[in-house]
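Remarks on the structure that follows.
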Amino acid sequence: MKIPVQLSSSGIGVQLSRFLVFATLSALATPLPAQPLSSPPGTGAQGVRAPMQTAAAATPRPEDTEVWEPVPKVVAPGATDAAPPSDAIVLFDGKNLDEWVSSRDKSPARWIVADGVLTVNKAGGNIETRRAFRNYQLHIEWKIPENITGSGQARGNSGVFLASTGPGDAGYELQILDSYNNPTYVNGQAGSIYKQAIPLVNPNRKPGTWQTYDVVWIAPTFNAEGSLKTPAYVTVFFNGLVVQNHFELKGETLYIGQPSYKKYDSAPIKLQAHGDRSQPISFRNIWVRELN
């Protein structure tokens, strides 16, 4: 027969405590299955660490703004600033007029060359370069006769047409005049873009002295149907001083009326034989550098 075992309440508590201790130890001894870990900062979905910005990489370096190509071509400057550099086209060196023709009919130019100087022949009319140009740097020297007579626009009048777009005075004129103590309308004095731009200063030397223009000419461009795309700009140094600072032209320079543009591609440079009665002016040392 079964004899009932009687356990006291204290005995049951001891047994339960032992069971709980054993279960806890067993759980600690059993390896847990691997659990996926969330990606640490700076890693992608596959756990691959992405590049991180470092303080060194975020700091600008001198090399970031260095440009090494294309390398500018070497151009040998002239012996003086007035002398033609190695890439210049010499338009007049005191010897002949091979680079010039009559604007009227393209026949050989009939101005006077003597002692290294080119003097205007008013009866021969305007002359222009055989070659046509677009954008360029121009150097030209000119002289008003020491015994000049007349006043206003009738005193040593001539001009450099930076683009000759037709016969006569068609084109874009940089004015030449004796403006040494000779009042006239200021958009028609020496250094002006004729009837458009007053020179910033008046650096004229007295008659009988050589004077210099150094010019940067940016030709206008046109759309296919003839409308203006971009205007012409000119910068002029007169005896070393800026008298036109990237001036935007309104069109061709006109004696009468308002300026306007007409389409052209490239054009000769023209020198004016003005019809006033004063003594003719002279030129020397003319050269041009094409700008691409």
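General observations
- Computed over protein heavy atoms with a 1.4 Å probe, the accessible surface of the range 54-96 works out to 83 Å² per residue.
- Percentage, to the nearest whole number, of Cα pairs in the range 122-211 over 20 Å apart: 37 percent
- Extension gain from Lys106 to Thr80, taking 0.36 nm per residue of separation minus the Cα-Cα distance: 6.0 nm
- Label separation (Asp93 vs Val67): 3.5 nm, computed from points 7 Å beyond Cα along the C-beta direction.
- When His246, His274 are compared by accessible area of protein heavy atoms, the largest-first order is His246, His274, using a 1.4 Å probe.
- Computed packing ranks the peptides 218-226, 94-102 as 94-102, 218-226, most packed first, by mean other Cβ atoms within 10 Å.
- Taking the accessible area of the range 143-194, probe 1.4 Å, and keeping the other protein chains in place, the carbon and sulfur fraction comes to 51%.
- Where labels lie 7 Å past Cα in the beta-carbon direction, separation of Leu228 and Asp265 in nm: 2.2 nm
- For the range 231-292, the alpha-carbon coordinates run over 35, 30, 23 Å along the three principal axes, in decreasing order.
- Estimated at 0.36 nm per residue, the fully extended path between Asn121 and Arg277 surpasses their Cα-Cα distance by 55.0 nm.
- Thr59-His246 FRET efficiency (beta carbon distance; Förster radius 51 Å; 0.05 resolution): 0.85
- For the range 148-292, lysine pairs separated by 8 or more sequence positions, or belonging to different chains, with Cα-Cα distances below 30 Å total 15.
- Of the listed residues Val288, Val75, the order by accessible area with a 1.4 Å probe, largest first, is Val75, Val288.
- Annotation: amide H of Gln244 within the under-5 Å range of Leu200, Val236, sequence separation 5 or more or interchain, hydrogens built in the peptide plane.
- Computed on the range 108-222, with alpha-carbon pairs under 8 angstrom and 6+ residues apart, the relative contact order is 27 percent.
- Averaging over all projection directions, the Cα-based convex hull of the range 187-240 occupies 4.6 nm² in the image plane.
The values are calculated or read from the model by the stated rules, or taken from the named source; none is laboratory data. Just so we're clear, the structure is a prediction, and the values are computed from it rather than from any experiment. Note: ideal-geometry Cβ built from the backbone for every residue, glycine included; neighbour counts use all protein chains shown. Note: areas computed on protein heavy atoms with side chains; ligands, DNA, RNA excluded. Shrake-Rupley method; radii C 1.70, N 1.55, O 1.52, S 1.80 Å.
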